[in-house]
1. Restricting things to alpha carbons, find the Rg to Rh ratio for the protein assembly as shown using the Kirkwood radius for Rh.
2. Averaged over B:70-78, how many beta carbons belonging to a partner chain fall within 10 Å of each residue's beta carbon?
3. At 222 nm, what helix-only mean residue ellipticity would chain A give, in deg cm²/dmol to the nearest 500, using -39500 (n - 2.57) for each DSSP H run of four or more?
4. Just for the Cα atoms in chain B, what are the lengths along the principal axes, largest first, rounded to whole Å?
5. Averaged over its residues, how many other protein chain Cβ atoms are within 10 Å of peptide A:26-36's Cβ atoms?
6. From the convex hull of the Cα coordinates of the range B:39-80, what is the mean projected area in square nanometres?
Number of protein chains: 2
Amino acid sequence: MHKVKIHITLKEGVLDPQGKAVQNSLQSLEYNNVQDVRVGKYMEVYLEESENLESQIDRMCDQLLANPVIENYTYTIEEAG
Amino acid sequence: MHKVKIHITLKEGVLDPQGKAVQNSLQSLEYNNVQDVRVGKYMEVYLEESENLESQIDRMCDQLLANPVIENYTYTIEEAG
């Protein structure tokens, strides 16, 4: 079994209203040294052994998990259980 | 300036309906080797230099970014720009 850790982040230059909302909330809590916040997604996907694992994960991200127009994704694969 | 990478994940045992929805969607796309999916959040917070950076980040997570009842958080601190 493999544990795949996937990070999905907005591309640079894409507006991040959720990040701005978090930033404003932190500043209103008196954390005045907050310069910027970017919010992304993090997923852990457990996959059984298969051929071409990396190309499968690329397809999963492009088809469903990420929006390739505005998001980048990276992943790492670990052995699990 | 510091770039803080924060991972927020549901605690073990806490139901993850969003993860289940993603898992079902992947399986309906014929990815039959998907065993489980857990969805979390990933944030990049840019902070200016301050004293007690780690305790500040702990407070930010406990107060706003994570729900300590059902979520765990981890973070790493990098130098940025």
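Rule-based calculations on the coordinates, nothing more; no lab input. Just so it is clear, the structure is predicted and the values come from calculations on it, not from any experiment. Cβ: placed from backbone, ideal geometry, glycine included. Neighbour counts: every protein chain shown.
1. Ratio of gyration radius to Kirkwood radius: 1.00.
2. If you average over the peptide's residues, the count of other-chain Cβ atoms is 0.
3. Rounded to the nearest 500, it is -7000 deg cm²/dmol.
4. 50, 30, 14
5. Average per residue, whole number: 5.
6. The number I arrive at for the range B:39-80 is 3.4 nm².
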